[in-house]
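Only the coordinates and a few stated rules stand behind these numbers; no lab work does. Since the model is a prediction, treat every value here as computed from it, not as a measurement. Glycine gets a Cβ as well: all are built from the backbone with ideal geometry, and neighbour counts include every protein chain shown.
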Amino acid sequence: MPKYSIVVPFHNEEENVTILYDRVKAVMEHVGESFEMVFVDDGSRDRTYRLLEEIAAVDSRVLVIKLRRNFGQTSALAAGFDHAQGEYILAMDGDLQHDPQEIPAFLAKLEEGYDVVSGWRSRRADSIVLRRIPSRAANWLMARLSGVPIHDFGTTFKAYRREVIHSIPLYGEMHRFIPALASWYGASICEIPISNPGREHGKSHYGLSRTFRVFFDLLTIRFLLRYMTRPLHFFGGVGVLGMFSGCGISAWLLSVKLLTGHAIMPQHGPLMVFAGILILAGIQMIGIGLLGELQVRHYHSQTHRAPYAVDRILRLRSEENMLR
């Protein structure tokens with residue numbers, strides 16, 4: 001079993017695959033410990049997978065995972081994490097905007113005892129309007145909402161202890177929130193500055209539209225961190241508030257009717273309808289909370305379902321394994 005696993009997702013990165021492999025291999029061989037490289041082809045339509053095949057054919061330390069279609073970066077990372085065998089797992093992008101020369105700094109922090117080491121792009125080479133300003137705002141919000149005081153949640157360049165990353169379910173676009181989810185499990189987290197060079201080849205797959213999706217992810221992660229295992233506490237609280245408000249209004253209207261004898265509908269019809277809506281909405285919210293509790297119970301009683309589908313897995317058998 002290797003000590004380190006380097007997980008890299010690729011999507012249409014034919015110009016960067018071989019260069020990244022050479023750079024990562026050189027760095028890890030200099031580290032001097034056993035390692036493997038887990039390369040995930042996330043439904044590429046160019047020659048990315050063919051190049052990965054050629055690499056896996058000559059290096060037994062390379063594991064190639066081909067997904068059936070483009071599932072997205074989070075699912076590609078999940079596939080890599082699930083198949084990685086190392087005691088320590090490091091993830092990075094395949095577009096050469098993460099410098100492999102900085103890998104030893106991550107590994108050193110893991111050796112110090114940290115569970116998660118996150119990269120911080122302190123000096124970004126991206127567009128100020130399209131990338132830097134939205135990213136800074138999103139990271140500030142994420143730090144406030146999650147209580148994890150790091151500067152950069154968005155970068156993939158992170159390192160983890162195997163048992164920590166395997167305890168975190170990944171789906172949707174939750175890879176950027178791994179430190180926040182890890183903190184919920186009690187993981188120790190630190191941050192180190194990294195460089196952020198511009199792309200050498202290829203075209204970025206990200207745009208301004210991703211910023212809007214991040215906002216909804218922020219709401220999701222806030223809810224998960226506080227109510228992941230007790231959704232009834234959130235929905236039930238809102239529901240009880242609505243029911244008590246509706247019942248309070250209804251009791252006041254009833255007292256007015258009994259004390260004055262006046263018809264309620266002509267004078268307070270809209271308020272009466274509002275009270276009824278509050279009561280019904282409160283009951284529905286409590287029902288949603290109960291359904292959420294059932295989902296939590298179902299989740300914890302079932303086996304983990306992967307958010308991806310693997311087409312094939314390639315690894316060259318080493319001579320040592322062939323002799324056994």
When a/c is below 1.5 the answer is rounded, else prolate if a/b is larger than b/c, else oblate, so apply that to segment 217-266 with a ≥ b ≥ c taken from the square roots of the Cα gyration tensor eigenvalues.
prolate
Relative packing of peptides 162-170, 259-267 - highest average C-beta neighbours within 10 Å first
162-170, 259-267
Roughly how far apart, in whole Å, are the Cα centres of segment 11-40 and segment 153-187?
22
Burial order of peptide ranges 269-276, 13-20 (average beta-carbon count within 10 Å, highest first):
13-20, 269-276
A correct Karplus calculation of ³J(HN,Hα) over segment 224-239, with 6.51 cos²θ - 1.76 cosθ + 1.60, θ = phi - 60°, whole Hz and x for Gly and Pro, returns 5, 5, 9, 10, 4, 10, 8, x, 5, 5, 7, 5, x, x, 5, x
At 0.36 nm per residue, minus the direct Cα-Cα distance, what do Glu111 and Ala57 gain on full extension? Give it in nm, one decimal, please.
16.3 nm
Where the Cα atoms of segment 1-76 are projected onto their three principal axes, how long is each span, largest first, in whole Å?
35, 22, 17
Projected label distance in nm at Glu33 and Arg162, using a 7 Å step from Cα toward the beta-carbon
1.2
Taking Cα pairs under 8 Å and at least six residues apart, what relative contact order does segment 1-152 come out at, in percent?
28
